[in-house]
1. Would a scan of the range 206-218 turn up a residue that is in contact with a Lys or Arg (Cβ under 8 Å, 6 or more places away or on another chain) and modelled with pLDDT under 95?
2. Out of everything in the range 64-93 that is assigned to a loop (DSSP other than H, G, I, E, B) and charged (D, E, K, R), what residue ends up being surrounded by the fewest Cβ atoms within 10 Å (Cβ to Cβ)?
3. Please state which one of 55, 51 is modelled with pLDDT under 95 and not in a loop (DSSP other than H, G, I, E, B).
4. Looking for something in contact with a Gly (Cβ under 9 Å, 6 or more places away or on another chain) and β-branched (Val, Ile, Thr) - is there at least one such residue anywhere in the range 86-108?
5. Please go through the range 123-139 and pick out each residue that is among the polar types (S, T, N, Q) and buried (at least 20 other Cβ atoms within 10 Å of the Cβ).
6. Check 96, 106 and return the single one that is free of Cβ contacts under 8 Å to residues at least 60 places away in the same chain and loosely packed, with under 15 Cβ neighbours inside 10 Å.
7. Just the residues that are more than 28 Å from residue 203 (Cα to Cα), out of contact with any strand residue (DSSP E or B) (no Cβ under 6 Å at 6 or more places or on another chain), in contact (Cβ under 8 Å) with a residue 12 or more places away in the chain and not hydrophobic (A, V, I, L, M, F, W, C), please, taken from the range 21-77.
8. Can residue 159 be described as basic (Lys, Arg), at pLDDT 80 or above, out of contact with any strand residue (DSSP E or B) (no Cβ under 8 Å at 6 or more places or on another chain) and exposed (fewer than 13 other Cβ atoms within 10 Å of the Cβ)?
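The values are calculated or read from the model by the stated rules, or taken from the named source; none is laboratory data. In this text, all values refer to a predicted model and were calculated from it rather than measured experimentally. Here the Cβ is made from the backbone with ideal geometry for all residues, glycine too, and neighbour counts use every protein chain on show.
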Amino acid sequence: MLRFWDMWRGLDISSVLHKLAEIRPIFHSEADFQFALAWELQRHYPTAQVRMERRFPAHAGTKSMYIDIWAEYEGVQYPIELKYQTKALQTAVGNEVFELRGQGAEDNLGYDFLKDLKRIETFVENCEAPVVGNVILLANQPLWNDRPKANAYNKDAFRLYEGREVKGSLCWGKIYPETVERHAPISLTGNYKLEWLPYGSELGFQYLHLECTKETLQPKGPIVEIRTDVNS
């Protein structure tokens, strides 16, 4: 029997990302990416409510949180957290010049992305309305190839390589990062399979898009295998 989410796609964020890549294949910063995606969502879904940096108060023992992009469409809420990770690149698109800095620190990026995923899980678990949580990472750093080496490394729990299954409790090895806010383990409720997809065709960007719903956060739920190829 088909489930509700199998029959109804609602706000199709993957399709919007595909369209956005055609007109904005690169961004100056994460804030630039955030604004462009929010604008494109509103353009494709004129009746949707789309907000940036919306604050949600503390609920049921959780802390208050800001969501990068929040949308509501046909009675369903879509919280979206974004990350934009770049290596150094100087290029031009039309008459616009882009000078991206190399950010490095892939282990911290992995931690922050998975922490965002946990924040979205918490939002979904505490939201009384129908909700589809989203976490998106856009990068031209080859994070998809960052597989563990023969000997265990400190950051192994936070690698984001292609095909990895992410679940359960994630923590550092023996060495903690200098930033105290990154010391705490991350405990995920759902199971997620990481699948990177191309963003545009010329500048080497790929994106990772994970979704969660109340259904996928149920105990012993199925692995969430995200397929976002709009041509399939």
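1. Restricting attention to the range 206-218, the residues satisfying the condition of being in contact with a Lys or Arg (Cβ under 8 Å, 6 or more places away or on another chain) are 215.
After this cut, where a residue has to be modelled with pLDDT under 95 as well, the list is 215.
Within the range 206-218, one or more residues are in contact with a Lys or Arg (Cβ under 8 Å, 6 or more places away or on another chain) and modelled with pLDDT under 95.
2. Going through the range 64-93, the residues assigned to a loop (DSSP other than H, G, I, E, B) turn out to be 64, 74-75, 86-88.
With charged (D, E, K, R) added as a condition, the list becomes 74, 87.
On the way: 74: 11, 87: 14.
Taking the candidates together, the pick is 74.
3. Details: 51 fails: modelled with pLDDT under 95.
The conditions single out 55.
4. Filtering the range 86-108 for residues in contact with a Gly (Cβ under 9 Å, 6 or more places away or on another chain) gives 86-89.
Okay, now just the ones that are also β-branched (Val, Ile, Thr), so 86.
Yes, the range 86-108 contains at least one residue that is in contact with a Gly (Cβ under 9 Å, 6 or more places away or on another chain) and β-branched (Val, Ile, Thr).
5. Narrowing the range 123-139 to residues among the polar types (S, T, N, Q): 126, 134.
The answer is 134, and nothing else.
6. Details: 106 fails: loosely packed, with under 15 Cβ neighbours inside 10 Å.
Exactly one of 96, 106 is free of Cβ contacts under 8 Å to residues at least 60 places away in the same chain and loosely packed, with under 15 Cβ neighbours inside 10 Å, namely 96.
7. 47, 59, 62, 73, 74, 75, listed by residue number.
8. On the way: basic (Lys, Arg): yes; at pLDDT 80 or above: yes; out of contact with any strand residue (DSSP E or B) (no Cβ under 8 Å at 6 or more places or on another chain): yes; exposed (fewer than 13 other Cβ atoms within 10 Å of the Cβ): no.
Spelling it out, it is not the case that residue 159 is basic (Lys, Arg), at pLDDT 80 or above, out of contact with any strand residue (DSSP E or B) (no Cβ under 8 Å at 6 or more places or on another chain) and exposed (fewer than 13 other Cβ atoms within 10 Å of the Cβ).
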